[in-house]
Amino acid sequence: MTGDFWEVGASGAIYTREHVLDSVVGSVDEMDNSWRVDDLECRELADGAIAVTYLLHQPERRTRRLTIWCQRDGQWRVAYHQGTIVQAD
């Protein structure tokens, strides 16, 4: 993660890098293996910047996700993430 990483959650709430690290690190062992990813795409935004989009299926909801990755100091790091709830068909 970049030092200035931030996220907009599916609820619309804004989360800091520290909040995301605290919540993800504490829940890694609790992840549900029933999660499924569809429509995965990667697009170059600029030299050293890509956008990854996908549809995440979880038992309780579906969300469209966007993650921006930037190349810094020779490494790819996540700079931004957003999830938006998708209405059921």
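The values are calculated or read from the model by the stated rules, or taken from the named source; none is laboratory data. Predicted model only: the values in this text are computed from it and were never measured. Heads up, the Cβs are rebuilt from the backbone with ideal geometry, glycines too, and the neighbour counts pull from every protein chain shown.
Output the residues belonging to the range 41-54 that are surrounded by 11 or more Cβ atoms within 10 Å (Cβ to Cβ) and in contact (Cβ under 8 Å) with a residue 12 or more places away in the chain.
Within the range 41-54, LEU45, GLY48, ALA49, ILE50, ALA51, VAL52, THR53, TYR54 meet the criteria.
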Item to complete: Filter the range 22-40 for residues that are within 13 Å of the chain's Cα centre (by Cα) and at pLDDT 90 or above and give the result.
Response: VAL37, LEU40
Item to complete: Give the range 1-21 a look and list any residue that's at pLDDT 90 or above and either surrounded by 12 or more Cβ atoms within 10 Å (Cβ to Cβ) or under 20 Å from ALA49 (Cα atoms) (or both), or say none.
Response: MET1, THR2, GLY3, ASP4, PHE5, TRP6, GLU7, VAL8, TYR15, THR16, ARG17, HIS19
Item to complete: Scan the range 7-21 residue by residue and report those that are within 15 Å of THR63 (Cα to Cα) and not polar (S, T, N, Q).
Response: GLU7, VAL8, GLY9, ALA10, GLY12, ALA13
Worksheet entry | Residue list for the range 44-63, restricted to those being at pLDDT below 95, part of a strand (DSSP E or B) and of a type outside the set (A, V, I, L, M, F, W, C) | HIS57, GLN58, ARG61, ARG62, THR63
Discussion item. Pairs please, first residue from the range 1-15 and without any contact (Cβ under 8 Å) to a residue 40 or more places away in the chain, second anywhere and acidic (Asp, Glu) and surrounded by 11 or more Cβ atoms within 10 Å (Cβ to Cβ), Cβ atoms under 9 Å, 6+ apart in sequence or on different chains.
Written reply: ALA13/GLU7; ILE14/GLU7; TYR15/GLU7
Response to the item:
Result of the Cβ filter at 6 Å on the range 55-81, keeping first residues that are more than 22 Å from ILE14 (Cβ to Cβ) and partners that are part of a loop (DSSP other than H, G, I, E, B), at least 6 apart or interchain, is PRO59/SER34; GLN71/GLY48
